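Written out below as structure tokens is the structure these notes cover.
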Amino acid sequence: MKIELQGISKRFGLVLANQEIDLAIQPGEVLGLLGENGAGKSTLMNILSGLYQPDTGEILIDGKPVQFAGPGDSIASGIGMVHQHFMLVPVFSVVENVILGVEPTGKGDFLDLDTAREQVQQINARYGMDVPSDTLIEDLPVGIQQRVEILKVLFRSADVLILDEPTAVLTPQEVESFFAIVRALRDAGKAIVFITHKLHEIMEIADRVSVLRQGRIVGHGTPSEFSEGDLAEMMVGRPVSFSVGRTAATPGQTVLELDGVTMIEGGQDVRLSDISLNVRAGEIVGIAGVQGNGQTELVEAITGLTGLNGGSVRFLNNEITSSSVRARHAMGIAHIPEDRQRSGMVASFSVAENMVLNSYYDDPVARGVQIDWQQVHDQAAEACLKYDVRTPSVFLGAGSLSGGNQQKMVVARELERDVRLVVASQPTRGVDVGSIEYIHSQLVACRDRGNAVLIVSSELDEILDLSDRIYVMYGGRVIAEFDNHRAEDGSGGADRNQIGLAMAGIGTDDSPSDATLMGASA
Amino acid sequence: MSQTEHKSDTTRDAVRALMAPPIDRDGAWRELFMVPLAAVMLALLFGALIMMATSVSPATILQSFIAMARGSVGSLHAISETLTATIPLVLAGLGIGLAFRAGLFNIGAEGQMVVGGLAAAVASFSLTGLPSIIHLPLVLMVGLAVGALYAAIAGFLRATTGAHEVISTIMLNLISFRLLDYFLRQPFIQKEGRSDPISKAVLESAELPRLLSFFDGNLRLHAGLFIMLAAVLLVYWLLYRSKLGFAFRISGENPQAARYAGIRSGLTIILAMAIAGALAGLAGATQITGVLGRASPGFSAGIGFDAIAVALLGRSHPVGILLAGLLFGALEAGGRQMQVDAGVSIDLISIIQALIIIFVAAPLLVKRILPPLFRTKSVNEDAS
């Protein structure tokens, strides 16, 4: 089945999300769709999956124009979407999830689970997906859950699969086996749209690539025609430098020290187990790991958001294990939260208000029990300029800024103070390439001023680019530590493959403490 | 010489540009005022339709709307009645709006009014021999403090056990009604020689002075008007100028961000509830010392519930609450006149009030019914 989009345009208010987009999706081919957040990828795919109707242009299936009034029409035409955020019922089994909404029925309209199971297993076997049919979703690792989403789409006889940022939640090893499945699907004649902002994935998996920028297709071809640099330039609209420009670290005194930190939720669920690590002045330490292996809890332990069940946290030789969030903040611990929308900002507040979200109570903005708003606005305007937060006015609601500018606003708020330790959690998630460069340079600059920086990220590339040392977390433990000193020419550093293995918990069966994989660079 | 000067000049210009007020004033204004205004118009219209459906003649309907206008703003007496009804609605409404800004749905204004009013009544007749300048403020402070403590119970339960304030304040309302019945029969409160539950009368030294009695002794408007206006200013200052109010607003808009910002949620909840209760308690106290002169069963008369509607209609903004309170006060006063002049039941006023709330709560519905009011300029330009 061949799908063509011709001259698709879609406008939201004053924003042209898609303009005159032409795209052909061929069977037996992986089409990489590359673009930054806000480039219009999601809008385009939502048009294709029937959620939005285009203002102009048409969709052709095998040459015949079609109109989708809703997602049902699109599914019936054989288009299946695998969302970035899974839509699965955790307490249902794999089969139950797959058949949800299209349940096969037997005698007397009763659910026919046996037939369903058989069908699911057939699809399973054909594409080598290796998914257990009767396990509950909540007991499956994320990588397998994603395969269940693909199963769902195939069960509805989709010939066109749209995969929206499918690798965001996977370890490097899981990505490899995921790519194998994608290739198997392609070889079976399915058409696949692979949406991503990661250039090396396009290089590896896509047969053709289309680059989207500000709602337009700005580049088109086979990946081999382009270098990663070409693609990045098309995506951003200007040359992009990949290297962070990081000199060798000169670590000083220990700023942060965790000793045997343990966190148990609800008296039984172990979230952090005996974690010991340290961060020194003038170095960037990265925490690598697949999402959900205790990184969030680790950050909560350091910033005081959640209490500990054991162990201690020391900051500049002061015990702060039981200090409040505000006390730690006042001591010079800055925190860039992993989810800026939910915990780092208030979308309905102005940019200026967001700039003082955690410092409103003290000098220089507080005057007794009042807040000096003139001062707040002055400061915010200056910080916006200094940190390249692009907003027409500091009175504008922060919710209407782009993701990158929101994040720069949070970075400005946290770094603009007199800090000694920066805890940055997923500092560039959902942020455009230009802002990523900027935020990275700010974090390195912060290190070079002699501060300690701790970066938690599920993007291994980010950890490798920025960190002087790397800890790997798995199952609530720190299971490995790597030195990441690189030579001038960028060679050396920690071994990506070894870190990947550690992220998957391999080779560390009964090694509760760190340093088992130490010295990988040697 | 001037490269640095020049640079700082451009920086200053850029800073000044960033501090320019937001552009979309018009759209925000529409959203803020047009929906409530349209809701009121639609509610009156539907009220008329309901009267027609119950076979009231068009002439009577017209007559009842004229009576409503006459009874609310048609004379000095009418205005006095409107303002008198407005005072407790706005005070309690401010409390509900403030709690709402902090993310708390305080259904308990009625109960807080009851306990605050009762405590004020007790203080007003049991403290004898005080000059008015001391006695009256003291009585009002007692009402305020007891209302605050009563609401703080719900705040405390929410902060420590997670018990939802909607449930606990409803329960506290029920408890307050029975507490009132009980205390009104106690010898030190019950009026001598009466067997029914009714309190002793407020001493003259604790009465809120009537403002227009020099003009006409029947005009009930009292000095609570100034308390109400002061409360509007105070709540505005608290929400938009003070540190505490900023913490309230962060907690209300995004509790998770508040936690990350180091704001102690438990304390914030208890304080917000206490201030809400203080305002409702003050509403009860002004009602006792300004209008009723004694406490009796059901003296709160559902004002604490109507105040929820006032807070909603006023979008939890102090000035909005003042305007909404004036409207509801006018409906209250006008409704009585309507009953007298046109013989239409005062229940119609409750229906109209309920309709206003439904329309305010469903802005999309209002926009669908009255699209011309919400057509923005840019769309018009596009269309032309």
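Among the listed residues A:V66, A:V30, A:V82, which satisfies the condition of being touching a strand residue (DSSP E or B) at 6+ places or on another chain (Cβ under 6 Å) and either without any contact (Cβ under 8 Å) to a residue 12 or more places away in the chain or not assigned by TED's automatic domain parsing to the domain that holds A:E138 (or both)?
Being touching a strand residue (DSSP E or B) at 6+ places or on another chain (Cβ under 6 Å) and either without any contact (Cβ under 8 Å) to a residue 12 or more places away in the chain or not assigned by TED's automatic domain parsing to the domain that holds A:E138 (or both) holds for just one of A:V66, A:V30, A:V82, which is A:V66.
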- Message: Any residue that is part of a loop (DSSP other than H, G, I, E, B), surrounded by fewer than 13 Cβ atoms within 10 Å (Cβ to Cβ) and touching a Gly at 6+ places or on another chain (Cβ under 8 Å) - is there at least one of those in the stretch A:66-84?
- Response: yes
- Task: Go through the stretch B:252-292 and give me each residue that's crowded, with 19+ Cβ neighbours inside 10 Å, more than 10 Å from chain A (Cβ to nearest Cβ) and not aliphatic (A, V, I, L, M).
- Result: B:T268, B:G277, B:G281, B:G284, B:T286, B:Q287, B:T289, B:G290
- Query: Restricting attention to the stretch A:416-435, which residues are crowded, with 23+ Cβ neighbours inside 10 Å and either within 22 Å of the chain's Cα centre (by Cα) or modelled with pLDDT under 90 (or both)?
  - Reply: A:V422, A:V423, A:A424, A:S425, A:Q426, A:P427, A:T428, A:V431, A:S435
- From the list B:A38, B:A69, B:A43, B:A48, pick out the single residue that is away from every other protein chain (no Cβ under 14 Å), at pLDDT 90 or above and touching a helix residue (DSSP H, G or I) at 6+ places or on another chain (Cβ under 7 Å). B:A69
- Hey, among the residues in the stretch A:362-389 that are of a type outside the set (A, V, I, L, M), touching a residue at least 24 places away in the same chain (Cβ under 8 Å) and not in a helix (DSSP H, G or I), which one's nearest to the other protein chains (Cβ to nearest Cβ)? A:D362
- Item | Any chance A:G311 is in the same structural domain as A:L443 (by TED's automatic domain parsing), of a type in the set (G, A, S), over 26 Å from B:F248 (Cα atoms) and surrounded by fewer than 21 Cβ atoms within 10 Å (Cβ to Cβ) | yes
- Message: Quick check on the stretch A:185-209: of everything there that is within 20 Å of the chain's Cα centre (by Cα) and not β-branched (V, I, T), which residue is surrounded by the most Cβ atoms within 10 Å (Cβ to Cβ)?
- Response: A:F194
- Taking the stretch A:393-403 as the search range and keeping residues that are more than 7 Å from every other protein chain (Cβ to nearest Cβ) and assigned to a loop (DSSP other than H, G, I, E, B), which one is farthest from A:P427 (Cα to Cα)? A:L401
- Hey, does the stretch A:422-437 have a residue that's under 29 Å from A:E297 (Cα atoms), more than 12 Å from chain B (Cβ to nearest Cβ), without any contact (Cβ under 8 Å) to a residue 60 or more places away in the chain and not β-branched (V, I, T)? yes
- In the stretch A:308-344, the residues that are more than 20 Å from A:L421 (Cα to Cα) and within 13 Å of another protein chain (Cβ to nearest Cβ): A:Q341, A:R342
- Query: Of the residues that sit in the stretch B:149-200 and are surrounded by fewer than 16 Cβ atoms within 10 Å (Cβ to Cβ) and among the polar types (S, T, N, Q), which one is farthest from B:T128 (Cα to Cα)?
  - Reply: B:T161
- Name the one entry in A:S343, A:S323, A:S359 that is crowded, with 17+ Cβ neighbours inside 10 Å, in a loop (DSSP other than H, G, I, E, B), of a type in the set (G, A, S) and without any contact (Cβ under 8 Å) to a residue 24 or more places away in the chain. A:S323
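The values are calculated or read from the model by the stated rules, or taken from the named source; none is laboratory data. Computed from a prediction, not measured in an experiment: that's the story for all the values here. So basically every Cβ, Gly included, is an ideal-geometry build from the backbone, and we count neighbours across all protein chains shown.
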